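K.L.:
For reference, the structure I am asking about is given below.
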Amino acid sequence: MSPPKPTLLTGRHLVAALLLWFLVGGLLLLQFWPSLPRNGHEVALVLVIGPPAYGLLEWTGSWLLSKRHGKALSTRSLSPLRVLVALLVAATWLAAAWWFSAHVLDVRVTALEAGEHVFLPARTPHAVTDVSQGPLWLAIHLQP
């Protein structure tokens with residue numbers, strides 16, 4: 001008797017996977033709106049990297065906080081040690097996300113007072129989010 005052949009992905013499975021992919025990506029876009037994404041490249045980045053990153057983080061959390069790993073720390077169903085480990089893991093992920101956003105994405109918010117200025121190199125994407133009443137603007141464009 002021959003072993004059963006593995007089933008190939010059918011068109012329905014592929015369409016369902018793509019719909020799920022865009023559903024998760026769309027939910028991520030809604031979560032970060034209006035701060036991110038600011039342009040089409042960031043939308044594509046969220047849709048391409050967002051669902052796998054979300055799935056990886058969900059899998060890592062469920063693996064790390066599973067019964068097996070929890071019982072290795074403490075046999076009690078709710079122990080302070082298990083809660084502390086979960087908080088440390090969450091704090092590590094938050095610190096990594098903060099570092100990534102500060103150093104890789106290079107997103108900065110600068111509040112200027114009267115008389116202050118900022119120099120933006122050529123082709124630096126930027127946005128003015130708030131302006132006081134009656135501001136005086138001077139923009140000098142230098143050609144390299």
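The values are calculated or read from the model by the stated rules, or taken from the named source; none is laboratory data. Just so it is clear, the structure is predicted and the values come from calculations on it, not from any experiment. As a convention, Cβ positions derive from the backbone with ideal geometry for all residues, glycine included, and neighbour counts pool all protein chains shown. These accessible areas exclude ligands, DNA and RNA; they are computed on the full protein's heavy atoms, side chains included. Shrake-Rupley method; radii C 1.70, N 1.55, O 1.52, S 1.80 Å.
K.L.:
Would you check which residues across region 13-54 are of a type outside the set (A, V, I, L, M), free of Cβ contacts under 8 Å to residues at least 24 places away in the same chain and more than 30 Å from VAL128 (Cβ to Cβ) and list them?
P.N.:
HIS13, PRO52, listed by residue number.
K.L.:
Next up: So the check is Cβ under 6 Å with 6+ separation or different chains; which pairs have a first residue in region 84-105 that's within 26 Å of ASN39 (Cβ to Cβ) and a second one that's assigned to a helix (DSSP H, G or I)?
P.N.:
none
K.L.:
Another question about this same structure. Test ALA102 against the criterion of being under 27 Å from LEU45 (Cβ atoms) and modelled with pLDDT of 80 or more, and give yes or no.
P.N.:
So ALA102 fails the test.
K.L.:
Here are ARG76, ARG68: which of them is part of a helix (DSSP H, G or I), open to solvent by 70 Å² or more (accessible area, probe 1.4 Å) and among the basic types (Lys, Arg)?
P.N.:
ARG68
K.L.:
Let me ask another. Checking ALA90 against (1) loosely packed, with under 11 Cβ neighbours inside 10 Å; (2) at pLDDT 80 or above, only one condition comes out false. Which one?
P.N.:
Answer for ALA90: the failing condition is (1).
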